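Input: a single structure, listed below in structure tokens.
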Amino acid sequence: MNPRQRSSRYGFAVHFAAGAASVILLIVALVQGMPPFLEYALGASLLVILILHARMGFALGRLQSEVEIMRRLSARSSETAPIAAREAASALTAPANASLSEKEATMLQRVRDAIESGRIDLYLQPIVSLPQRKPRYFEAFSRLRDAEGKVLKPIDYLDAAESANKIGVIDNMILMRCIQALREERKRAPRLAVFCNLSPATIYDTDFFNQFTDYLEANADLAPNLIFEFTYPAIQTMHPRVQENLSAIARKGFEFSIDHVHSIDLDWEGLKAKNFRFAKAPSSLLLAAGRGDEASVAKLRAFRKRLSDVGVDLIAEKIEFENHMPEILALGIDYGQGNLFGAARPAEFYLGDHAPNGDRAAA
């Protein structure tokens, strides 16, 4: 049953119940000697019905918004003609002038099947507080599975998607599926907060990003659970319209993170003003600065104080080895991320009943 059918049937049922309760309440009011508690009970039941109607209306509205975005994505992804008959019927059809090998065409078909069949799994990697190493956040990743259950990593289909000029469509559809999965996980881990990457293809797709902004504005309840992550190069080259969309999202309470930081000398005050609360820097960059001469160390300390004063939390990422931890802790880093603390695994691994080291409680 589609959202409109559900809305119609639900609306008819609620309106019937409300009308029946109103008629009974009116009769009760006219009849002498009717116990007051019965009037109160009928009045309360009518109020509950109306509240449920309003809540379901909001829920159906959000669902319709999400379905509309997915519908437009699917329509855009199939707007061009197929390369040949054997490659037809693909929602990720490549333009007619694209030059795809048979292997690339097959890979695109597997990607399309995985998306259409909902075989998109949510993976999480912990971001831990230092020095406690307690999970505070997670970074979200999406993994596609083909019909045989094999995981399709981005490296597997990136070349084919770029050749067909469809990487943006894939990124956008995976992003929406990822948010759907997060909404489900929030039911068992209400305090779960995750970093969700917005790829350059998504950011530069102004048509989609406008719709996505509208969707987030209608789903502001997700704000405590979603932190959107952008690369620094993408931030530098953002179109003014995209920056306006970011401002609209920030006003709804959504916070941002920046990664691919290549230098500690950035406009951190300006980023904070745009609601960037987190910054990710490779541990190698921080360690190199901490191992330099006195001037480099002093500069790093000034950088840490500046971030603290601005209100941006620093995350040292790609921490792989235990013997690096004494140096990292000496730098006063707020958070750490890397395989040392946990690799990216299916969400069930960290949120399930048997999550290791109490991760489920931390989430």
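The values are calculated or read from the model by the stated rules, or taken from the named source; none is laboratory data. Note that the structure is a prediction, hence the values are computed from the model and not measured. Cβ atoms come from the backbone with ideal geometry, glycine included; neighbour counts cover every protein chain shown.
Odds and ends about this structure:
Residue-wise test of (1) more than 24 Å from TYR232 (Cβ to Cβ); (2) hydrophobic (A, V, I, L, M, F, W, C); (3) assigned to a loop (DSSP other than H, G, I, E, B).
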| position | (1), (2), (3) |
| --- | --- |
| ALA160 | yes, yes, no |
| ASN165 | yes, no, yes |
| ILE170 | no, yes, no |
| ARG183 | yes, no, no |
| PHE208 | no, yes, no |
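- Taken together, the residues in the stretch 266-299 that are in a loop (DSSP other than H, G, I, E, B), farther than 21 Å from ASN225 by Cβ and either touching a residue at least 24 places away in the same chain (Cβ under 8 Å) or not assigned by TED's automatic domain parsing to the domain that holds PHE138 (or both) amount to 2.
- Annotation: CYS196 fulfils all but one of (1) among the hydrophobic types (A, V, I, L, M, F, W, C); (2) free of Cβ contacts under 8 Å to residues at least 24 places away in the same chain; (3) closer than 25 Å to VAL128 by Cβ; the unmet one is (2).
- Those residues of the stretch 130-141 which are assigned to a loop (DSSP other than H, G, I, E, B) and buried (at least 17 other Cβ atoms within 10 Å of the Cβ), in sequence order: LEU130
- Among the residues of this structure, ARG251 does not count as one that is touching a residue at least 24 places away in the same chain (Cβ under 8 Å), in the same structural domain as PHE228 (by TED's automatic domain parsing), surrounded by fewer than 18 Cβ atoms within 10 Å (Cβ to Cβ) and not hydroxyl-bearing (Ser, Thr, Tyr).
- Residues located in the stretch 328-347, provided they are in a loop (DSSP other than H, G, I, E, B) and either under 27 Å from LYS150 (Cα atoms) or under 22 Å from the mean Cα position of the chain (by Cα) (or both): GLY338, ASN339, LEU340, PHE341, GLY342, ALA343, ALA344
- Any chance SER263 is of a type in the set (S, T, N, Q), out of contact with any helix residue (DSSP H, G or I) (no Cβ under 9 Å at 6 or more places or on another chain) and closer than 19 Å to ALA316 by Cβ: no
- Single condition PRO131 does not satisfy, out of (1) closer than 17 Å to ASN172 by Cα; (2) modelled with pLDDT of 90 or more: (1)
- Between LEU175, LEU144, the distinction of being surrounded by 18 or more Cβ atoms within 10 Å (Cβ to Cβ), assigned by TED's automatic domain parsing to the domain that holds GLN243, part of a strand (DSSP E or B) and out of contact with any Phe, Trp or Tyr (no Cβ under 6 Å at 6 or more places or on another chain) belongs to LEU144 only.
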